[in-house]
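*Asks:* Please read through the structure below; I'll follow up with questions.
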Amino acid sequence: MSPESSIPRGRLAPSPTGALHLGNARSFLIAWLSIRSRGGTVVMRMEDLDHPKVKPGTAEQALDDLRWLGLDWDEGPDCEGPHEPYVQSQRIDSYRDALCRLADARMVYPCTCSRSDVESAQSAPHLGEDGLRYPGLCRDRYSSFAEANAALPEDRIPAWRYRVADEHVRFVDGFCGPQDQHVHGAIGDFVIARHEDGAGYMLAVVVDDAAMGISEVLRGDDLLSTTHRQILLYRALELEAPRFVHVPLVVSPDGRRLAKRHGDTRIAALREHGISAGKIVGLLAHWCGWAEWGESLTPSELLVRFDMTKLPPTPAILTDRVKAYLQIRD
Ligand code: GLU
Ligand code: ZN
């Protein structure tokens, strides 16, 4: 059954490494509307693998904030579902299985390089999209993870890298259109996990979206350039890739990612200051071209207005007018 022929399934996949703010709330609202407007199923998945950065209570807060805004989901950590558990830290076995398959096929290898190893290996540092291109130093260096691990001091652990072929990876994004990346030249062999068991964002997101039958991945366009790598993993694991849709983020007037210095845009903070959910959802919808300035709306009321063709291709901007409207102080 191809994803198109069945009921659409989308997911909201927050990482409890930081609070839900206007930017990710907007992406989640669009993802929710895209699925709900077609009568599809929404899955909530908590992406809590980034251990040192996961803050206690943030996951619960994110779910609470999203519910408060008026979003809901059919499957998730707080409700039952056929693909439990919906928390990545409880799904390590499935990442380990996928990793074993890739390792057995020698599609991945352990890498002991530090950033300075990678830097000094290139005469002119090649700045790929995501920093330094990895030149394949460990491609044929170790025969096992244990051997690689033994080559490192106690406090370091090898990463797993995917062996990238010299080819272009292409897909058509549901919002950004045709995409083409020569992963080999731009990024090189990439890290799929920094743990022996394969628990890391790049592998986990692919394994989970496939296992949970996700047919549409709609998320912020900061992840657009990771998609080609994820598609390589879908192929390597012989899984069907979902449809990808990447939407612009909310940025500060100087075009940068939202940060603390731009004021407190956390949903929880706005809520605490007495700003209503309707006002926030109305603003998010206004940014998408679905509402007038000043409208107060629920996500459900937006179902009939959902229209991706109205979504501006440029980022939404946290202007002074917006900040005054939501009483956001610097
Ligand atoms: N959990 C990721 C994040 O919050 C999103 C992953 C994804 O949508 O693929 O950045
Ligand atoms: Zn290496």
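The values are calculated or read from the model by the stated rules, or taken from the named source; none is laboratory data. Computed from a prediction, not measured in an experiment: that's the story for all the values here. Heads up, the Cβs are rebuilt from the backbone with ideal geometry, glycines too, and the neighbour counts pull from every protein chain shown.
*Asks:* With respect to Leu249, is the statement that it is within 16 Å of ligand 1 (Cβ to nearest atom) and either at pLDDT below 95 or in contact with a strand residue (DSSP E or B) (Cβ under 8 Å, 6 or more places away or on another chain) (or both) true? So that I can check it myself, show each step before the final result.
*Replies:* Working: within 16 Å of ligand 1 (Cβ to nearest atom): yes; either at pLDDT below 95 or in contact with a strand residue (DSSP E or B) (Cβ under 8 Å, 6 or more places away or on another chain) (or both): yes.
When the stated conditions are applied, Leu249 passes them.
Yes/no matrix, rows are residues, columns are (1) among the aliphatic types (A, V, I, L, M); (2) over 25 Å from His246 (Cβ atoms):
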{"position": "Arg115", "(1), (2)": "no, yes"}
{"position": "Ala121", "(1), (2)": "yes, yes"}
{"position": "Leu137", "(1), (2)": "yes, yes"}
{"position": "Ser143", "(1), (2)": "no, yes"}
{"position": "Ala159", "(1), (2)": "yes, yes"}
{"position": "Val172", "(1), (2)": "yes, no"}
{"position": "Ala186", "(1), (2)": "yes, no"}
{"position": "Ile192", "(1), (2)": "yes, no"}
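*Asks:* Is region 36-55 home to any residue that is among the acidic types (Asp, Glu), within 16 Å of ligand 1 (Cβ to nearest atom) and in a helix (DSSP H, G or I)? Walk me through it before giving the result.
*Replies:* First, pick out the residues of region 36-55 that are among the acidic types (Asp, Glu): 47-48, 50.
Next, from what is left, pick out any that are within 16 Å of ligand 1 (Cβ to nearest atom): 47-48, 50.
Add one more test, that the residue is in a helix (DSSP H, G or I), and what stays is none.
No, region 36-55 contains no residue that is among the acidic types (Asp, Glu), within 16 Å of ligand 1 (Cβ to nearest atom) and in a helix (DSSP H, G or I).
*Asks:* Additional query: Regarding Glu60, is this residue assigned to a helix (DSSP H, G or I), more than 16 Å from ligand 2 (Cβ to nearest atom), of a type outside the set (S, T, N, Q) and out of contact with any helix residue (DSSP H, G or I) (no Cβ under 8 Å at 6 or more places or on another chain)? Talk me through it step by step, then tell me what you get.
*Replies:* Details: assigned to a helix (DSSP H, G or I): yes; more than 16 Å from ligand 2 (Cβ to nearest atom): yes; of a type outside the set (S, T, N, Q): yes; out of contact with any helix residue (DSSP H, G or I) (no Cβ under 8 Å at 6 or more places or on another chain): yes.
Yes: the conditions hold for Glu60.
*Asks:* Is there a residue being within 16 Å of ligand 2 (Cβ to nearest atom), in contact with a Cys (Cβ under 6 Å, 6 or more places away or on another chain) and not polar (S, T, N, Q) anywhere in region 146-157?
*Replies:* Scanning region 146-157 turns up no residue that is within 16 Å of ligand 2 (Cβ to nearest atom), in contact with a Cys (Cβ under 6 Å, 6 or more places away or on another chain) and not polar (S, T, N, Q).
*Asks:* Let me ask something else about it. Go through (1) under 30 Å from Ala103 (Cα atoms); (2) part of a helix (DSSP H, G or I) and name the single condition Leu218 misses.
*Replies:* It is condition (2) that Leu218 fails.
*Asks:* I'm trying to understand the selection: among the residues of region 127-141, which are at positive phi and assigned to a loop (DSSP other than H, G, I, E, B)?
*Replies:* Step one: list which residues in region 127-141 are at positive phi, which gives 131, 136.
Within region 127-141, just Gly136 meets the criteria.
*Asks:* Is there any pair linking a residue in region 159-187 that is without any contact (Cβ under 8 Å) to a residue 24 or more places away in the chain to one that is of a type in the set (Val, Ile, Thr), with Cβ under 7 Å and at least six apart or on different chains, and which?
*Replies:* Short answer, once both residue conditions are applied: Pro178/Val172; His184/Val164.
*Asks:* Consider only pairs whose beta carbons are under 7 Å apart and that are at least six residues apart or on different chains; among these, list those whose first residue lies in region 90-105 and is closer than 18 Å to Glu47 by Cα and whose second residue is surrounded by fewer than 18 Cβ atoms within 10 Å (Cβ to Cβ) and small (Gly, Ala, Ser).
*Replies:* Hits for this filter: Ser94/Ala211.
*Asks:* Moving to a separate point now. Across region 142-180, what is the number of residues that are of a type outside the set (S, T, N, Q), over 21 Å from Pro248 (Cβ atoms) and part of a loop (DSSP other than H, G, I, E, B)?
*Replies:* Within region 142-180, the first condition is being of a type outside the set (S, T, N, Q), and the residues that meet it are 142, 145-148, 150-178, 180.
Keeping just the survivors that are over 21 Å from Pro248 (Cβ atoms) gives 142, 145-148, 150-170.
If we keep only those that are part of a loop (DSSP other than H, G, I, E, B) too, we end up with 142, 151-158, 163-168.
Looking only at that region, the number is 15.
*Asks:* Could you list, in sequence order, all residues of region 214-231 that are more than 8 Å from ligand 1 (Cβ to nearest atom) and among the charged types (D, E, K, R)?
*Replies:* Residues satisfying the conditions are Glu216, Asp221, Arg229.
*Asks:* Filter the helices (runs of 4 or more DSSP H) completely within region 255-330 down to those with at least 2 residues that are under 26 Å from the mean Cα position of the chain (by Cα). Outline the logic, then answer.
*Replies:* Numbers: elements: 267-272, 277-287, 299-302, 320-325.
Because the criterion is at least 2 residues that are under 26 Å from the mean Cα position of the chain (by Cα), the helices (runs of 4 or more DSSP H) in region 255-330 that meet it are 267-272, 277-287, 299-302.
*Asks:* Another question about this same structure. Being farther than 28 Å from Gly174 by Cα and polar (S, T, N, Q) is the filter here, so list the residues in region 297-330 that pass it.
*Replies:* Correct list: Gln327 only.
*Asks:* Out of region 287-302, which residues are buried (at least 18 other Cβ atoms within 10 Å of the Cβ) and either over 17 Å from Trp32 (Cβ atoms) or of a type in the set (A, V, I, L, M) (or both)? Before you say what the answer is, go through the steps one by one.
*Replies:* We begin by selecting, within region 287-302, every residue buried (at least 18 other Cβ atoms within 10 Å of the Cβ); these are 287-288, 290-291, 297, 299, 302.
Selection gives Ala291, Leu297, Leu302.
Residue by residue, here is whether (1) surrounded by 15 or more Cβ atoms within 10 Å (Cβ to Cβ); (2) within 21 Å of Leu232 (Cβ to Cβ); (3) modelled with pLDDT of 95 or more holds:
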{"position": "Glu80", "(1), (2), (3)": "no, no, no"}
{"position": "Ile92", "(1), (2), (3)": "yes, no, yes"}
{"position": "Val118", "(1), (2), (3)": "yes, yes, no"}
{"position": "Pro125", "(1), (2), (3)": "no, no, no"}
{"position": "Arg133", "(1), (2), (3)": "yes, yes, no"}
{"position": "Trp160", "(1), (2), (3)": "yes, yes, yes"}
{"position": "Val169", "(1), (2), (3)": "yes, yes, yes"}
{"position": "Ala186", "(1), (2), (3)": "yes, yes, no"}
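*Asks:* Could you check how many residues of region 201-214 are crowded, with 21+ Cβ neighbours inside 10 Å and either assigned to a helix (DSSP H, G or I) or of a type in the set (S, T, N, Q) (or both)?
*Replies:* Final tally of qualifying residues: 7.
*Asks:* Hey, another quick one. Six or more apart or on different chains, Cβ atoms under 7 Å: show the pairs whose first residue is in region 15-27 and hydrophobic (A, V, I, L, M, F, W, C) and whose second is within 12 Å of ligand 1 (Cβ to nearest atom) and in a helix (DSSP H, G or I).
*Replies:* Note: pairs meeting the criteria are Ala19/Thr58; Leu20/Ala62.
*Asks:* Given the criteria within 16 Å of ligand 1 (Cβ to nearest atom) and assigned to a helix (DSSP H, G or I), does Val118 qualify? Quick ask: steps written out before the conclusion?
*Replies:* Details: within 16 Å of ligand 1 (Cβ to nearest atom): no; assigned to a helix (DSSP H, G or I): yes.
When the stated conditions are applied, Val118 does not pass them.
*Asks:* Take the residues of region 171-184 that are away from ligand 1 (no atom under 16 Å from the Cβ) and more than 17 Å from Ala236 (Cβ to Cβ): which is surrounded by the most Cβ atoms within 10 Å (Cβ to Cβ)? Steps first, answer last, please.
*Replies:* Of the residues in region 171-184, the ones away from ligand 1 (no atom under 16 Å from the Cβ) are 172, 177-178, 180-184.
Narrowing the set further to residues that are more than 17 Å from Ala236 (Cβ to Cβ) leaves 172, 177-178, 180, 182.
Working: Val172: 10, Gly177: 8, Pro178: 8, Asp180: 9, His182: 13.
Within region 171-184, the match that is surrounded by the most Cβ atoms within 10 Å (Cβ to Cβ) is His182.
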